[in-house]
1. Would you compute, from DSSP H runs of 4+ residues alone, the mean residue ellipticity of the chain at 222 nm, taking -39500 (n - 2.57) per run and dividing by the full residue count, rounded to the nearest 500?
2. Identify unpaired cysteines across the chain, taking unpaired to mean no other cysteine Cβ lies under 4.7 Å from the residue's Cβ.
3. If you take the square roots of the eigenvalues of the alpha-carbon gyration tensor of segment 221-275 and sort them as a ≥ b ≥ c, do you get rounded (a/c under 1.5), prolate (a/b over b/c) or oblate?
4. Work out which helices of the chain, taken as complete DSSP H runs, extend at least 30 Å along their axis over the Cα atoms and score a mean Kyte-Doolittle of -0.5 or more, then list them.
5. Chymotrypsin sites (Phe, Trp or Tyr not before Pro) within segment 175-254: which are DSSP loop residues with at most 15 other Cβ atoms inside 10 Å?
6. Given labels modelled 7 Å from the Cα in the Cβ direction, how far is it in nm from Leu92 to Arg273?
7. Over the Cα atoms of segment 249-319, what is the Rg over Rh ratio if Rh follows Kirkwood?
8. Would you please state which residues of segment 289-332 a label at Leu374 would reach in this model, taking the label point 7 Å out along Cα→Cβ and a backbone N cut-off of under 18 Å?
Amino acid sequence: MADDPERPESQVSRRAILLLALTCGVAVGNVYFPQAISPLVATGLHVSPDSAALVLTAAQFGYAAGIFLLVPLGDRFPHRPLIITLLGLTGLGLLAASAAPALPPLIGASALIGSTTVVAPIVGPMAAGLVADDRRGVVSGTLLSGSIGGMLLSRALGGTIGEWLGWRAPYLMAAALALSIATLLTRTLPTTVPPSRQQYPALLAEPLRLLRTEPELRRSCYYQATVFAGFSAVWTSIALLLTSSIYDMSAQAVGVLAFVNAGTMFCTPVAGRQVDRRGPDVVNLVCMLGVIASAVVLAFGSLGGALGLAALALGTLLLDVGMQSGMVANQVRIYALRPTVRSRLNTAYMTCAYLGGSMGSWVGARAYTCFGWLGVCALVALLAAVALARHLAAVGPATGSPDAR
């Protein structure tokens, strides 16, 4: 392997990795808690559910833009000041969102929050440069567990607090968390040396060049964009389903359903170990099949009642495990390509992933409006099938190893 300029002589401690996982969770949660309070926003601002869903789409488009514009700076500047600055700006954006008087300012604040809360894509490449090769899958899985915890807890707490105190309260809570973790990291983040001295325009151009020249990066981006689009479609639409006449539940139910999926946090380190042992292609295959199975199970959620709720719980769990474990496999694949440009590799990968997720949120909301819950499930199955077809075309079915293409 090529020398890794970021790796210190002593390996980073498990405590530091856990702190970084917590940081990822705090940052990622800012993109996902609005999913639980979208119906409350619609009611509070007197807009339609479709219009309120634009808050989610804006956050994800902002996240994709932030990944493209800001994550490459992880290869150019020391990580500590960069991460702390981004968390501080995120906290200010969340405060602005909590005071938004109407939907357009809230959409604008959501785009700002999404663009600055891109700490997890910066932490991932940093941590990959601080650990040995044979720990990279486990560490990636641990960081992803932190991100998943942020996704789940933010939905659960956002829905509960929003139901009790109104939709503005979760934004205030998220602002306090972002600013608190920024303060904590001022003394505890590891010191790193940036591997690149390129100017900003060159850093921005590099992810596009890597997409053109690295076929394994393109493949990983394709997998995650399609699967994450299905994931976003489900979690954007499920709030509409649970608050509809089929279930007649509150926004808090969305958070409770998300909390049921806490088991996903324990699956990604296992997926990381499997990636280290068997390689990412095998794990990708299992994950894509799991996502297709989740779409079938989720379809029974249209029945309502106890059976429908059980199907939603099991289906979203399968979907979350499949999407997140596939992300571990994809990130391990791209981090192994070129150690000196990991942030830029991750920029290309995560930008594609969240562009897919943004489109999934938008299409999912409209699929629900036009075709109901079964339309959303069909969309998930179609997207996963497209990813699976690409995967089977790219790897040998018997060995799971990439072909010559």
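Please treat every number below as a calculation from the coordinates, not as lab data. All values derive from a computational prediction rather than experimental measurement. When we count neighbours, we look across all protein chains shown, and the Cβ atoms used for this are built from the backbone with ideal geometry, even at glycine.
1. -27000 deg cm²/dmol
2. Result for the chain is Cys24, Cys267, Cys287, Cys370, Cys377, no neighbouring Cys Cβ within the cutoff.
3. oblate
4. Span-like helices in the chain: 14-44, 136-165, 168-188, 215-242, 305-335, 342-394.
5. none
6. Those two pseudo-labels are separated by 4.5 nm.
7. Rg divided by Rh gives 1.07.
8. Residues passing the 18 Å test: 294-305, 307-309, 311-312.
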